[in-house]
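Scroll down for the structure; my scribbles are underneath it.
The values are calculated or read from the model by the stated rules, or taken from the named source; none is laboratory data. Remember, predicted model here, so these are calculated numbers, not experimental data. With ideal geometry, Cβ positions are generated from the backbone for all residues, glycine too; neighbour counts draw on all protein chains shown. All accessible areas refer to the heavy atoms of the entire protein, side chains included, with ligands and DNA or RNA removed. Shrake-Rupley method; radii C 1.70, N 1.55, O 1.52, S 1.80 Å.
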Amino acid sequence: PGNCWAFKGHQGQVVIRLPARVYLTAITVQHITKDASPSGTINSAPKDIAVFVSLLGTSGGALALGGDREEETLLGMFSYNVEKDPMQTFPLKNMLLPRAFSQVKLIVKSNWGNPCYTCIYHVKVHGK
């Protein structure tokens, strides 16, 4: 407990660079359980999460208008449920983009009520 990637507030994002190009199929998010938490609460767990990939640097990728912004595509939005298993896997919608990517962006849009910080313990990216 407490050995997590914490960020200030209830919103944040992280870009994960993968060791190889991966055809993404799912993402797993893990947080500690209420029993493992010294305070008995896990309101710092992420709640609403979006997963994006950048189309720049991929074959067939295009620049957004203006040329300086990345064009990103949403692969999934999901909610981490603190009442369920601490390790939750969510399928990604990669059917529209049947190609491999070298990085993935995880955006936490809200947490379970902690106004000061949000913690992420583990993120696993699944694919081929």
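Using just the alpha carbons, could you tell me how many Å³ per residue the convex hull of the chain encloses? Before the final figure, lay out each step's value.
Values: hull volume 14.4 nm³, N = 128.
Each residue corresponds to 113 Å³ of Cα convex hull volume.
List the cysteines in the chain whose Cβ has no other cysteine Cβ under 4.7 Å from it.
Taking the Cβ cut-off of 4.7 Å, the unpaired cysteines of the chain are CYS116.
Can you pull the percent of the chain's accessible area that's carbon plus sulfur, 1.4 Å probe, other chains left in place? Could you put the intermediate results ahead of the total?
Working: 4090 of 7420 Å².
After summing per-atom areas, the C and S share lands at 55 percent.
Whole number in Å², please: accessible area per residue of the chain, 1.4 Å probe, ligands, DNA and RNA not counted.
Numbers: 7420 Å² over 128 residues.
Solvent-accessible surface per residue comes out at 58 Å².
Read phi for every residue in the stretch 100-115 and hand back ³J(HN,Hα) as whole Hz from Karplus 6.51 cos²θ - 1.76 cosθ + 1.60, θ = phi - 60°, with x for Gly and Pro.
Once θ is set to phi - 60°, the couplings for the stretch 100-115 become 8, 10, 9, 8, 9, 10, 10, 10, 8, 8, 6, 10, 8, x, 6, x Hz.
Kindly write out, for the stretch 30-37 in residue order, the coupling ³J(HN,Hα) from the Karplus curve 6.51 cos²θ - 1.76 cosθ + 1.60 (θ = phi - 60°), rounded to whole Hz, with x marking Gly and Pro.
So the Karplus estimates, Gly and Pro as x, are 10, 10, 6, 8, 4, 5, 7, 7 Hz.
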